[in-house]
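Here the structure comes first, spelled out in structure tokens, and everything after it is commentary.
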2 protein chains.
Amino acid sequence: MRKIVFLTALIFTGFTLFAQTNDEQTLKQIYKSSLTNSKCYSWLDYLSNSIGSRLSGSENAQKAVQYTKAQLETLGFDRVFLQDVMVPKWVRGVKESAYILDNKIKINIPVCALGGSIATPKNGITAEVIEVNGIKELEALGEKLKGKIVFFNRPMDPENIEAFNSYSGCVDQRYNGAKEASKYGALATIVRSMNLRLDDFPHTGAQSYGDIPKSQYIPAAAFSTNAAELLSKTLKVNPHLKFYLKQSCQQMEDVLSYNVIGEIKGTEHPENIMVVGGHLDSWDLADGSQDDGAGVVQSMEVMNIFKNIGYKPKNTLRVVLFMNEENGGRGGKKYEELAKTNNETHIFALESDSGGFSPRGFDFESDDVNFNKILTWKNLFEPYLIHSFVKGHSGSDIEPLTSKSIVKAGLKPDSQRYFDYHHAANDKFDAINKRELELGAATMAALMYLIDKN
Amino acid sequence: MRKIVFLTALIFTGFTLFAQTNDEQTLKQIYKSSLTNSKCYSWLDYLSNSIGSRLSGSENAQKAVQYTKAQLETLGFDRVFLQDVMVPKWVRGVKESAYILDNKIKINIPVCALGGSIATPKNGITAEVIEVNGIKELEALGEKLKGKIVFFNRPMDPENIEAFNSYSGCVDQRYNGAKEASKYGALATIVRSMNLRLDDFPHTGAQSYGDIPKSQYIPAAAFSTNAAELLSKTLKVNPHLKFYLKQSCQQMEDVLSYNVIGEIKGTEHPENIMVVGGHLDSWDLADGSQDDGAGVVQSMEVMNIFKNIGYKPKNTLRVVLFMNEENGGRGGKKYEELAKTNNETHIFALESDSGGFSPRGFDFESDDVNFNKILTWKNLFEPYLIHSFVKGHSGSDIEPLTSKSIVKAGLKPDSQRYFDYHHAANDKFDAINKRELELGAATMAALMYLIDKN
């Protein structure tokens with residue numbers, strides 16, 4: 001028996017080694033293709049500089065649908081199609097203004113309305129300010145909040161190594177702050193921007209009134225971290241200073257928009273679907289090159305790489321450019337709704353929505369069997385400085401996908417600079433490094449290849 | 001026997017686990033200190049924005065010596081001292097100019113003299129251009145080079161994952177180009193900037209005439225990657241176009257400058273010295289925040305972290321801010337010369353001279369015994385996303401150090417963006433991310449701690 005076991009082991013080891021060598025070669029081709037022959041940077045140039053910001057329901061979002069559809073049609077998919085999605089349409093209106101009125105001194109403040117917020121009255125709101133460290137403090141303050149502007153000032157925690165953890169620990173102030181403060185009769189909320197550094201950019205982002213009656217909606221705005229520091233200091237000296245806020249944003253009727261999808265049928269298992277995607281919409285203050293122009297063009301590049309190296313996926317591959325991640329997530333929900341209606345089986349989904357920075361690894365949502373299998377590929381990624389394979393949140397757009405035993409993953413780029421740009425006026429093309437973007441695309445293609453082949 | 005072995009193993013494992021837990025705690029403190037209580041970013045702000053570029057022999061370099069000495073004196077060292085170093089002094093003079101003369105069309109080109117180059121004649125040089133792919137091509141061209149401007153245009157190889165490998169494969173054109181082209185009677189050389197991206201910044205850097213006679217020196221300049229692409233294309237259409245170059249740089253007499261050193265005596269082995277350092281000089285086109293202001297302030301921060309967490313090194317620790325890395329390496333050589341004279345024993349040296357980007361690991365020069373020991377600490381760094389522990393070049397300033405069985409290391413930050421800034425006018429403070437800088441400093445302190453303690 002011993003000999004036979006030994007022989008079997010040898011054959012098996014030989015086979016595994018052979019497979020690994022093959023995979024090594026393919027990964028080399030993938031990275032080479034991306035670093036020398038990719039289109040993702042020029043696609044992003046167009047999306048960012050020729051189209052610009054792409055808030056759901058905007059004319060630019062529609063232009064982005066048309067542009068990416070046309071580009072996908074050049075990549076050799078079996079079909080490129082649109083999925084109808086009704087999306088919310090929120091418009092910022094004329095530029096917001098805000099200032100601190102410290103006795104007779106007026107200090108202008110960089111401010112922006114939060115997405116989904118209502119406008120202030122035409123002449124703005126002028127009121128005293130109460131600074132809080134978070135939503136929990138509201139209850140204790142109770143009646144004192146009445147007629148005041150609530151100032152949420154808990155900063156992102158600098159101790160976390162991963163910046164997304166600091167964001168998660170902070171963003172409730174932005175998302176739920178107005179809804180909660182309104183319950184105590186506050187007139188408006190202003191929130192310290194979700195930004196780890198001190199600068200002058202206000203960062204927008206979604207907020208929600210939840211299910212409170214419309215009559216209780218109050219305006220919600222964000223202001224820069226420098227301004228938050230200044231207001232906090234000034235309040236300590238003069239707790240009765242006044243704050244002025246004016247914004248004229250508006251929620252309109254929902255409008256028709258689209259997910260953009262390219263599909264190539266699997267050569268062996270066409271019934272199994274693998275998705276790679278990012279979201280096509282962005283906030284309105286900049287062209288959203290990091291969030292999520294990068295993810296869009298990287299997902300498109302996965303197909304371009306497969307085309308360039310001549311790899312035909314065994315399972316059906318879909319590049320999905322989701323609409324409305326930022327303020328509704330309707331694209332992701334619609335995609336899953338139609339997948340259910342059509343009785344589709346999704347085996348894998350990968351999202352890139354954490355910026356176009358140097359890739360470090362992936363966050364996985366997976367059962368242990370699949371995750372352990374994925375871990376055996378770690379060594380294949382080491383030459384490309386990809387090391388982090390952990391369990392964690394994959395992506396907002398693929399969150400609704402619920403096929404049985406589906407594996408989901410999110411590309412994990414270096415996170416340190418992400419919140420310097422996130423939802424702010426500086427999230428522009430010049431914040432993107434071409435090589436970092438391409439390395440991210442290659443890393444995604446490498447994982448898609450390994451999932452597909454194994 | 002079995003029981004005893006088992007027991008011994010248990011005790012040993014227990015001890016190792018205890019040590020690891022202790023180290024885990026200390027690393028936590030180190031990273032926390034750096035991310036919440038560091039001085040490195042404000043030191044760099046001063047070095048970059050209040051002092052500025054610090055070319056060896058310049059007034060600014062002297063200001064940087066005084067400033068960093070004064071700052072080191074606040075950090076609790078046993079002594080802070082200067083080492084005299086005679087350094088070369090090269091001055092750029094009035095801004096260079098260059099243009100392509102394509103028939104009657106004049107196209108201005110962003111250009112800069114290479115460090116150490118001579119000037120052109122007062123009225124500049126106008127000549128035909130021969131494009132080459134590298135020094136090897138010169139010999140075959142021979143006589144054809146006479147009276148021409150040689151244009152070195154081999155780009156950095158985009159296929160490498162680590163940008164420093166692309167730099168190494170390319171920089172001979174800049175460093176030796178003029179010396180080699182002069183042998184064939186060329187009038188001047190222009191080199192494509194060592195930059196992986198296409199932009200309009202010329203990147204300077206050292207060049208050397210080696211031992212050719214002074215009478216054979218020819219002017220050497222670099223120009224932007226965009227300009228190199230343009231010239232190459234234009235040459236294909238009109239091989240007889242002319243290129244005009246004018247520069248007025250000058251090599252002066254050597255002047256006195258300094259290495260700046262802070263030293264704290266080891267509590268257990270004061271005779272063993274550990275060095276952590278970067279280089280204080282920079283090129284003259286910008287404030288050199290990445291090269292190597294970052295390494296300077298990170299090295300200083302190592303001591304600041306130890307002070308903040310109350311760690312007293314067992315071995316003597318020196319923070320060494322080397323002078324003249326860029327165009328002579330005299331500081332590093334002088335440091336080693338004095339170490340030999342004083343019969344000092346250096347057990348470890350760590351340099352940070354690859355930019356202030358997110359740290360990824362270290363490159364080590366070490367024997368296998370020490371390297372294998374270091375590898376056992378890898379898991380301690382994983383929570384901080386530090387994964388790359390490989391053998392490789394440590395740093396130019398510590399290269400001369402030759403103590404027996406010394407271990408040398410170089411901090412290895414993410415390299416993708418480094419050559420966007422290297423030696424160019426955009427290597428400025430705004431290219432630095434505070435958290436990335438601090439994570440680098442913490443990673444250095446963590447390694448210094450482990451080396452010291454073990």
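Every number in this text was worked out from the coordinates using simple rules, so none of it is lab data. Predicted, not measured: the structure shown is a model, and the values here were computed from it. Here the Cβ is made from the backbone with ideal geometry for all residues, glycine too, and neighbour counts use every protein chain on show.
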Label 7 Å beyond Cα on the Cβ vector: B:LYS391 copy-to-copy distances, nm: 3.9
Modelled label-to-label distance, B:GLU268 and B:GLU59, 7 Å Cα→beta-carbon offset: nm? 5.0
For chain B, the charge dipole (Cβ of Lys, Arg +1; Cβ of Asp, Glu -1; about the Cα centre) points to a positive end, and the Cα of B:PRO239, B:GLY295, B:LEU447 closest to that extreme belongs to B:PRO239
Mean other chain Cβ within 10 Å across B:26-35 is 1
Cut-off under 17 Å on the C-alpha distance; same-chain residues fewer than 8 positions from A:LYS69 excluded. Which aspartates and glutamates are left, in chain and number order? A:ASP45, A:GLU59, A:ASP78, A:ASP84, A:GLU263, A:ASP281, A:ASP292, A:GLU301
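Set the bar at 24 Å for Cα to Cα. Now go through A:LYS412/A:LYS434; A:LYS428/B:LYS39; A:LYS89/A:LYS265 and name every pair that lies beyond it. Let's see the in-between values first.
Numbers: A:LYS412/A:LYS434 17 Å; A:LYS428/B:LYS39 30 Å; A:LYS89/A:LYS265 34 Å.
Violating the 24 Å Cα-Cα cut-off are A:LYS428/B:LYS39; A:LYS89/A:LYS265.
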Could you tell me how far the Cα centroid of segment A:345-360 sits from the Cα centroid of segment B:282-296, in Å? 35
Run the paramagnetic zone check for A:ARG79: 7 angstrom along Cα to Cβ, then residues of segment A:297-331 with backbone nitrogen under 17 Å. A:316-321
What percentage of all Cα-Cα pairs in chain A are separated by more than 44 Å? 18
Largest first and to the nearest Å, give the Cα extent of segment A:273-353 along each principal axis. 41, 34, 12
Shielding of A:384-391 by partners, i.e. mean partner chain Cβ atoms within 10 Å per residue? 3
Highest mean first, how do A:292-299, B:106-113 rank when packing is the count of other Cβ atoms within 10 Å averaged over residues? A:292-299, B:106-113
Could you tell me which of rounded, prolate or oblate describes segment B:380-454, using a ≥ b ≥ c as the square roots of the eigenvalues of the alpha-carbon gyration tensor, with rounded for a/c under 1.5 and, failing that, prolate when a/b is larger than b/c and oblate otherwise? oblate
Can you give me the C-alpha center-to-center distance between segment B:65-135 and segment A:149-222, rounded to a whole angstrom? 49
Rh by Kirkwood over Cα pairs, then Stokes-Einstein D for the protein assembly as shown at 1.002 mPa s and 20 °C, µm²/s: 71
If the label for B:PRO213 sits 7 angstrom from Cα along the Cα-to-Cβ line, what are its distances to the same label in every other copy, in nm to one decimal, shortest first? 10.0
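I'd like the FRET efficiency for B:ASN454 and B:THR402, computed as 1/(1 + (r/R0)^6) with the beta carbon distance as r and R0 of 30 Å, rounded to 0.05.
Efficiency for this residue pair is about 0.85.
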Defining the label point at 7 Å along Cα→Cβ, can you sort the distances from B:GLY93 to the same site in each other copy, shortest first, in nm? 6.3
With each label point set 7 Å from Cα along the Cα-Cβ vector, what nm distance links A:GLU24 and A:THR345? 3.4
Can you name the chain B residue with its Cβ nearest the rotation axis from B to A, and give the distance in Å as a whole number? B:HIS387, 2
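Which of the peptides A:261-269, A:363-371 is most tightly packed, and how do the rest follow, judged by the mean count of other Cβ atoms within 10 Å per residue? All intermediate terms of the calculation are to be shown ahead of the outcome.
Details: A:261-269: 18.0, A:363-371: 16.0.
Result, highest mean first: A:261-269, A:363-371.
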Return the average number of partner chain Cβ atoms within 10 angstrom of each residue Cβ along peptide B:147-158. 1
Need one number: % antiparallel among DSSP beta bridges in the protein assembly as shown, to the nearest 5. 50
Need the list of lysines near B:LYS242 for cross-linking: C-alpha distance under 25 angstrom, and skip anything on the same chain fewer than eight residues off. B:LYS95, B:LYS104, B:LYS106, B:LYS122, B:LYS136, B:LYS144, B:LYS146, B:LYS148, B:LYS179, B:LYS183, B:LYS233
Label A:LYS146 and A:LYS106 with points 7 Å out from Cα along Cα→Cβ: what is the distance between them in nm? 3.1
